[in-house]
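Written out below as structure tokens is the structure these notes cover.
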Amino acid sequence: MTLSDGLVTLRPWSRDDARFMAEANADPAIRRYNGSHDRLGHPTPPLSTTDAEAVIDQFALNWRAFAATGTPSGAAFAILGTRSGELVGCCGVDDWSKEDVAQFGYWIAPDARGRGYATRAAILLTRWLFDVGAARVFLTIVAGNEDSVAVARRAGFVYEGTMRAHGVWQGKRCDVMWFAALPLEWAMRRPDEETQRATRRRPAGDRGTF
Ligand SMILES: CC(C)(COP(=O)(O)OP(=O)(O)OC[C@H]1O[C@@H](n2cnc3c(N)ncnc32)[C@H](O)[C@@H]1OP(=O)(O)O)[C@@H](O)C(=O)NCCC(=O)NCCS
């Protein structure tokens, strides 16, 4: 399963990507917002390359389950620059409910941020989730994670509210914001156009190359 808009490509993870995943997983922001943590919000140790291989093996099993059931729970894509083939991040389906509601998440390696990869990946993944039958797609974002809020907005998601004290990080409760997209409404919001507008707003020298 490969998705692309000509600038960004999403494809399943391969074991060869394990080192990239392990290095990215050591980034404090990815550990904070994507990594697993215990019930008091203390993060689990960073992934070794061997741990990352096990995560990728699990993704492969989730893809096989998708082929059998049509439900992509736990299916994850590596995000690459299409032209360069450079690995830049991850996006994946955290959950698919029995009511066909999908939740997904994403991260971008620190040195690839600010180039639009996350927004483009979120748009590609959302379109694919609707294509495979999602009735609603949502994201949860810890309040204060402004970079991620900007991705959700650029990708055409609607802010639905804040669940107070819904999360915990290092012993302190934190608020969690909800963003969602519904198929018809999302198509009318035209997130692709939003992305192009974001690109135009940036001075040419600031723009990353894909
Ligand atoms: C959240 C996160 C994925 C956002 O990454 P990002 O690189 O800021 O987001 P994008 O890839 O959409 O890039 C956006 C920037 O690129 C610019 N850009 C350039 N070309 C663009 C394009 N074609 N489309 C959209 N934006 C583009 C935008 O204007 C924006 O720049 P600005 O920040 O100066 O306004 C990243 O900060 C991250 O991985 N954080 C840690 C983990 C995390 O928080 N995950 C999310 C959990 S909910």
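The values are calculated or read from the model by the stated rules, or taken from the named source; none is laboratory data. The model shown is predicted, which means the values in this text are computed figures rather than measured ones. Every residue, glycine among them, receives a Cβ derived from its backbone with ideal geometry; neighbour counts consider all protein chains shown. We work out accessible area using only protein heavy atoms, side chains counted, and drop any ligands, DNA or RNA first. Shrake-Rupley method; radii C 1.70, N 1.55, O 1.52, S 1.80 Å.
The C-alpha radius of gyration of segment 8-90, expressed as a fraction of 2.2 N^0.38 Å, stands at 1.15. For segment 9-46, trypsin sites (Lys or Arg not before Pro) are listed when DSSP marks them as loop and at most 15 other Cβ atoms sit within 10 Å of their Cβ; the list is R39. Put simply, segment 3-206 fits an ellipsoid with semi-axes of 23, 21, 20 Å; these come from the alpha carbon gyration tensor as the roots of five times its eigenvalues, largest first.
How large is the charge dipole for the chain, taken about the Cα centre, if only the Cβ atoms of Lys, Arg (+1) and Asp, Glu (-1) carry charge, to the nearest 20 debye? Present the calculation step by step, with values, prior to reporting the outcome.
Working: 26 positive and 25 negative charges, 116 e Å.
In total the dipole reaches around 560 debye.
The figure for T119 is an accessible area of roughly 0 square angstrom, using a 1.4 Å probe on the protein chains alone. Roughly to the nearest percent, how much of the accessible area of segment 3-206 is carbon and sulfur, given a 1.4 Å probe? In segment 3-206, the share of accessible area belonging to carbon and sulfur is 52 percent.
Using the reciprocal of the averaged 1/r over all distinct C-alpha pairs, how large is the Kirkwood radius of segment 45-120 in Å?
On the way: mean 1/r = 0.0728 Å⁻¹.
It is 13.7 Å.
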